[in-house]
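So the structure is just underneath, and the comments pick up after that.
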Amino acid sequence: MLELLQFRHSPYNEKVRWALDIKHVAHRRRSLLPGPHIATVKRLTGHTHTPVLMHDGVALDGSARIIEWLDEHHGGPMLIPSDPAERAEALRIQRWFDDDITPRIRRPVLDALLQQPSYFAANFGDGAPALKRMAYACVVPLAAPVIRKGNGITDAAAIEDGHRAAKEALDFVVARSAATGYLCGNSFSIADVTAASTLAVLARPANSPMASPQPVASAYRALMDRYAKHPGIAWTNAIYAKHRGARSDFDGQGAG
Ligand SMILES: N[C@@H](CCC(=O)N[C@@H](CS)C(=O)NCC(=O)O)C(=O)O
C-alpha cells in the first residue's frame with residue numbers, strides 16, 4: 001500500500017494529501033516532526049524535504065512529481081489539464097508557487113509559529129499524543145535557529161519579503177479567478193490545488209486538514225488577521241469548501 005510521509009502543517013504536503021483524497025487513493029500516512037524527520041527522510045531520498053510518497057519500495061519526493069505520478073497511475077479527477085495550452089499554464093502557476101511564492105510566504109508563517117513554541121508543536125504535532133507534543137515543544141526552541149536558517153528567515157527584511165509574496169499571491173488568485181472561479185481555464189486543476197494549499201497557511205480553512213489547532217496563539221492570530229479581509233482569503237476558503245473533499249488529516253490507514 002502507498003505510504004505518505006508528511007508534515008501536518010505544510011503547503012507542499014497539503015497539495016499531495018489533497019490529490020490523494022480527491023482521487024480516493026487508498027494509502028497510509030506517517031506524520032513526522034520537523035527536526036527529528038531528517039534521519040528518516042534522508043535515509044529514503046537522500047534529501048530532507050517532505051512530502052515523500054512510498055510506492056512498491058520506491059521513494060518519490062517533490063510534490064509536483066508526486067502529483068504527476070498520481071495523475072498517471074491512479075483514477076479520479078485529473079489535476080493536470082490535458083489541453084496542451086492549459087496544461088502549460090497550470091504547470092507554470094504550480095512552478096511559480098512551488099519555487100518562488102510558497103518558500104517566501106513560509107517565512108512569516110514559521111516566524112509567527114516559532115514565537116510560541118507550544119503552538120509550533122501544536123501544529124506539527126497535531127494528532128500526536130499530548131505527551132509527545134509537550135516533549136516536542138521543549139525541543140522547538142533548540143531547533144529554532146536551524147529551522148530559521150533552513151527557511152531563509154535571516155532578518156526582518158526576509159519576513160517583509162514574505163508579506164510581499166502573500167499580497168502578490170492573494171491579488172493573483174483574485175484577478176485570475178474573476179472570470180471562472182478557477183486559476184486556469186474553466187475547471188479545477190493543479191493550479192488551484194497549489195495556490196489554495198499555500199494560501200491555506202494564512203486562511204486556515206475551517207473543517208479542513210489545514211484548520212488551525214485551537215486556541216490560536218496570539219502571534220499566529222495577528223498574522224491571520226492581517227490578511228483576513230483580503231478577497232483572496234475568501235477565494236481560498238471557497239475552493240476548500242467546494243473541492244477539498246476531506247475535513248481532517250489522519251495517521252495510519254485512511255478510508256481511501
Ligand atoms: N519542492 C518541494 C519542497 C518541499 C518542502 O520544502 N518541504 C518542506 C515542508 S513545507 C520540508 O519538508 N522542509 C524540511 C526540510 O527540507 O528538511 C516539494 O514540492 O515537495
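Here, each number is a calculation from the coordinates, and none is a lab measurement. Model, not experiment: these values are computed from the prediction. So basically every Cβ, Gly included, is an ideal-geometry build from the backbone, and we count neighbours across all protein chains shown.
Listed by chain and number, the aspartates and glutamates whose C-alpha is less than 13 Å from the C-alpha of K42, apart from same-chain residues fewer than 8 away, are D61. Spin-label model, T48 to S82: label points 7 Å out along the Cα-to-beta-carbon direction sit 4.3 nm apart. The peptide list 52-62, 227-237, put in order of mean Cβ contacts within 10 Å with the highest first, becomes 227-237, 52-62.
Take each peptide in 71-81, 89-99, 38-48, count the other Cβ atoms within 10 Å of every residue, and average; sorted highest first, the result is 89-99, 71-81, 38-48. For H27, the residues 5 or more places off, or on other chains, whose built amide H falls under 5 Å of its own are G254, G256. Applying 0.36 nm per residue to the separation of A130 and T180 and subtracting their alpha-carbon distance, the gain on full extension is 13.6 nm.
Could you work out the percent of alpha carbon pairs in the chain separated by over 29 Å, rounded to a whole number?
The calculated P(r) of the chain puts 26 percent of pairs beyond 29 Å.
Applying the Karplus relation 6.51 cos²θ - 1.76 cosθ + 1.60 with θ = phi - 60° to segment 96-109 yields 3J(HN,Hα) values of 5, 5, 4, 8, 10, 5, 4, x, 6, 5, 4, 5, x, 5 Hz, where x marks Gly and Pro.
Shown in residue order for segment 174-182 are the 3J(HN,Hα) couplings computed by the Karplus curve 6.51 cos²θ - 1.76 cosθ + 1.60 at θ = phi - 60°: 5, 5, 6, 8, 4, 6, 10, x, 10 Hz (x for Gly and Pro).
Annotation: for a label point projected 7 angstrom from Cα along Cα→Cβ of A26, residues of segment 1-17 with backbone N closer than 13 Å are 1-3.
If you count the DSSP beta bridges with both ends in the chain, what percent of them are antiparallel, to the nearest 5? In the chain, DSSP labels about 65 percent of beta bridges as antiparallel.
The helix-only estimate of mean residue ellipticity at 222 nm for the chain, built from DSSP H runs of length n ≥ 4 each weighted as -39500 (n - 2.57), is -18500 deg cm²/dmol after division by the residue total. Packing, taken as the mean count of other beta carbons within 10 Å per residue, orders the peptides 176-184, 15-23, 201-209 from highest to lowest as 15-23, 201-209, 176-184. Sequentially through segment 227-243, phi angles give Karplus couplings (6.51, -1.76, 1.60; θ = phi - 60°) of 10, 3, 8, 5, x, x, 6, 4, 4, 4, 4, 5, 5, 4, 4, 8, 10 Hz, Gly and Pro residues having no value and appearing as x.
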